[in-house]
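As structure tokens, the structure follows; a few thoughts come after it.
The values are calculated or read from the model by the stated rules, or taken from the named source; none is laboratory data. Not measured: the values here are computed from a predicted model. Cβ placement follows ideal geometry from the backbone for every residue including glycine, while neighbour counts extend to all protein chains displayed. Only protein heavy atoms, including side chains, enter the accessible area calculation; ligands, DNA and RNA are left aside. Shrake-Rupley method; radii C 1.70, N 1.55, O 1.52, S 1.80 Å.
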Amino acid sequence: MLNKINLKSLSKEGVFSFVMDQSLPRYRAEQLMHWIYEKYAADIDEITEFSTGLRNALKSIAYISNLQLAKSLKSSDGTKKFLFSLRDGETIESVLIPDEGRLTLCISSQVGCAMGCLFCVTGRCGLVRSLKSYEILDQIITVNRLIQPKKITNVVFMGMGEPLANFDEDVKALWGIVQFLGISKRKITLSTAGIIPGILLLPEKAPEINLAVSLNATTDEVRNKIMPVTKRYPIRSLINACKKYPLRSGRRITFEYVLIDGRNDSLEDAHRLVKLLKGIRCKINLILLNPHPGSDLKRPPDKRVSEFQNILLRNNMRALIRESKGQDILAACGQLRAGIGRDI
Ligand code: SAH
Ligand code: SF4
């Protein structure tokens, strides 16, 4: 494969210039994109519309990369989790969440994560490497291939890794999702632990993507302990960056708040959260901690969760309680890769 061009690494313009460089007619570019992104061809030989001669000529200079399905698990709530192997043997996870006619795929942007959040399995593994844009895009293509004729309708960058720590490749993948897979920008959400320069640059490089921010605490002191990224980007600056994020009408920023017993779930926290988010058009997802072996963090009792939510609601905030999907297959990010998922 050395020196050969990976067709999935090319942007739309890139496919056109590739075809022109080979002195092929323009319509060959359209055909290539159709076969790779709509018929999910995993190999140039699968493009049966091309003559053997043309396929051989293409194969001498190019190839189509793929993810290998290593494992898939289905949860009783309908969530399906996929473990994919990459060319270098590393593994990543994607989670398919069917919900009210939508088919949302939660995708990974890195193998592991450098952010080291206390409650997160991916964070505890550290960063192995960032994904290339085609490895990000391929999660959607491969799942589409597996579930055809159904198709992914929504995408969330909420799997393994910190998307804004892999900014350029993520932006390239975002454009691929829109241009090749026909998923509109308003159906794509990127979730970040709060990398401020990325939040400020995103509207320019990938406008109109929905933004989700994992806030998870209301004071720097507590947030530092559970999300070390706070040392670089304190809460106040993070909130100011969010205030600058352009929102089209009807759109809101999502703030994710994983409730952890005794850490960030006091009623004072709820009141502080109201104050912090005042003036931002947003919704809050209160996420119940997905506990995992090897960590003594617990989810709060149900009563505290509803008290916390009620304070937000009484102050006219939108706040939903989200049960992590796929409880029984350990669907929280990183748990399958860490080898603690189980077949059902
Ligand atoms: N790195 C990005 C996106 C991936 S993490 C980010 O942090 O936003 C996606 C979400 O999963 C985050 O909101 C994170 O807070 C949440 N999460 C991580 N570990 C969890 C766990 N054990 N239980 C519940 N939610 C968890
Ligand atoms: Fe990384 Fe997000 Fe996990 Fe934190 S919660 S370690 S940022 S993947």
Query - When residues of the stretch 216-231 are limited to those that are in contact with a helix residue (DSSP H, G or I) (Cβ under 8 Å, 6 or more places away or on another chain), within 14 Å of ligand 2 (Cβ to nearest atom) and not small (G, A, S), the one nearest to E307 (Cα to Cα) - result: N216
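Among the candidates E30, E49, which residue alone is in contact with a helix residue (DSSP H, G or I) (Cβ under 7 Å, 6 or more places away or on another chain), open to solvent by 80 Å² or more (accessible area, probe 1.4 Å) and without any contact (Cβ under 8 Å) to a residue 60 or more places away in the chain?
The conditions single out E49.
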**Report entry** Filtered residues of the stretch 268-325 (kept if touching a Ser or Thr at 6+ places or on another chain (Cβ under 9 Å), basic (K, R) and either part of a helix (DSSP H, G or I) or under 20 Å from F119 (Cα atoms) (or both))
**Finding:** R272, K275, R304, K325
Report summary line: Filtering the stretch 124-138 down to residues that are within 16 Å of ligand 1 (Cβ to nearest atom) and open to solvent by less than 10 Å² (accessible area, probe 1.4 Å) yields L131, I136
Report task. For the stretch 244-254, indicate whether the set of residues that are farther than 22 Å from A114 by Cα and within 16 Å of ligand 2 (Cβ to nearest atom) is non-empty. Result -> yes
Report task. Please indicate, with yes or no, whether at least one residue in the stretch 85-101 is touching a residue at least 60 places away in the same chain (Cβ under 8 Å), touching a Leu at 6+ places or on another chain (Cβ under 6 Å) and either open to solvent by 20 Å² or more (accessible area, probe 1.4 Å) or farther than 28 Å from D296 by Cα (or both). Result -> yes
Report task. Could you tell me whether any residue of the stretch 100-110 is part of a strand (DSSP E or B) and small (G, A, S)? Result -> no
**Report entry** Out of R272, R251, R236, R281, sole residue that is of a type outside the set (S, T, Y), in contact (Cβ under 8 Å) with a residue 60 or more places away in the chain and open to solvent by 20 Å² or more (accessible area, probe 1.4 Å)
**Finding:** R251
